[in-house]
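Undergrad: Here it is: the structure, laid out below.
The values are calculated or read from the model by the stated rules, or taken from the named source; none is laboratory data. Bear in mind the structure is a predicted one, so any value in this text is a computation, not a measurement. Here the Cβ is made from the backbone with ideal geometry for all residues, glycine too, and neighbour counts use every protein chain on show.
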Amino acid sequence: MWTVFISYRRSDAEGEAGRLADALQLKLGKRRVFRDVVSISPGDTFDAALDAQLAAATIALVLIGPAWLDELMRRSGEASTDYHRLEVATALSRRMRVIPILLRGAVIPPSSALPEELLPLTKCQAVTIRDESWEADVRRLIDAIGHPYRWDLLVVRLFAAVLVITVGVWGMASHAFRDRSSDYGFWRTLVLALSGAYGLVELCIGYRHLRTLRRLRHPQP
């Protein structure tokens, strides 16, 4: 399931969209970040794919560059579908968490310049990302989105923890408790108890992550 939907205009922020998607995928995981040119498979119906991914997403990032408003007004007079406008309007109407991303000195357009379906965008807290402080600004954005708990790596972490616990207990058996070094039942129970304790810690951390992400993605009005 996608977590972050990146909406942008190719004429205005294509380079930043790709760069931002790469940075977010590195931190959040590839399956948690959607960008149209790499996330829609060949042969998929564009309209249906965008609608499905927006429905699955919890956060929409709206990239706004210096030419964003001019392009919006120009496309308003055309008969063809303005997919970026449609994406933003859909995200706002579904009451998703929408974060405007201001690029290259851009600002949130005034309400008087926006169509009615985009007016709620002016009330969304924006994040500014500048080229000269790109990494720090992206880290701030990720903190606002929330770091996911990597459930996909849980088995790897558990295996590594059990291995470390087993090696540590074996070392204790050889040195600290030589009188019980042959009591394999005792050491096996100790390994299982410590492994179970680690498993509980993982579950507690995962639960706290889920609560934090829920609060970040669905802030109270």
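Undergrad: Determine whether PRO115 is modelled with pLDDT of 80 or more, more than 28 Å from LEU26 (Cα to Cα) and in contact with a helix residue (DSSP H, G or I) (Cβ under 6 Å, 6 or more places away or on another chain).
TA: no
Undergrad: Continuing with this model, one more query. For the range 70-95, enumerate the residues that are of a type in the set (A, V, I, L, M, F, W, C) and either closer than 16 Å to ARG10 by Cβ or loosely packed, with under 11 Cβ neighbours inside 10 Å (or both).
TA: LEU72, ALA79, LEU86, VAL88
Undergrad: Taking the range 71-89, which residues are charged (D, E, K, R) and under 17 Å from ILE101 (Cα atoms)?
TA: Selection gives GLU71, ARG85, GLU87.
Undergrad: In addition: Looking only at the range 52-69, count every residue that is in a helix (DSSP H, G or I) and either under 17 Å from GLU117 (Cα atoms) or not assigned by TED's automatic domain parsing to the domain that holds ALA23 (or both) and tell me the total.
TA: Adding up the residues that qualify gives 3.
Undergrad: Can you pull out the residues in the range 70-82 that are of a type in the set (A, V, I, L, M) and assigned to a helix (DSSP H, G or I)?
TA: Within the range 70-82, LEU72, MET73 meet the criteria.
Undergrad: Tell me whether the range 159-177 contains one or more residues that are of a type in the set (S, T, N, Q), surrounded by fewer than 16 Cβ atoms within 10 Å (Cβ to Cβ) and modelled with pLDDT under 95.
TA: Taking every residue of the range 159-177 in turn, at least one turns out to be of a type in the set (S, T, N, Q), surrounded by fewer than 16 Cβ atoms within 10 Å (Cβ to Cβ) and modelled with pLDDT under 95.
Undergrad: Being on the phi > 0 side of the Ramachandran plot, loosely packed, with under 15 Cβ neighbours inside 10 Å and modelled with pLDDT of 90 or more is the requirement here; does GLY105 meet it? Working first, answer last.
TA: Values: on the phi > 0 side of the Ramachandran plot: yes; loosely packed, with under 15 Cβ neighbours inside 10 Å: yes; modelled with pLDDT of 90 or more: yes.
Against the criterion (on the phi > 0 side of the Ramachandran plot, loosely packed, with under 15 Cβ neighbours inside 10 Å and modelled with pLDDT of 90 or more), GLY105 qualifies.
Undergrad: Six or more apart or on different chains, Cβ under 6 Å: which pairs go from a residue in the range 14-41 that's more than 16 Å from THR58 (Cβ to Cβ) and modelled with pLDDT under 80 to one that's buried (at least 19 other Cβ atoms within 10 Å of the Cβ) and not polar (S, T, N, Q)? Could you list them?
TA: Short answer, once both residue conditions are applied: none.
Undergrad: Continuing with the same structure: What's the total number of residues in the range 83-99 that are in contact with a Ser or Thr (Cβ under 8 Å, 6 or more places away or on another chain) and assigned to a loop (DSSP other than H, G, I, E, B)?
TA: So the count comes out to 1.
Undergrad: Taking the residues in the range 12-27 that are under 15 Å from the mean Cα position of the chain (by Cα) and among the aliphatic types (A, V, I, L, M) as candidates, determine which candidate is farthest from ALA67 (Cα to Cα).
TA: The selected residue is LEU26.
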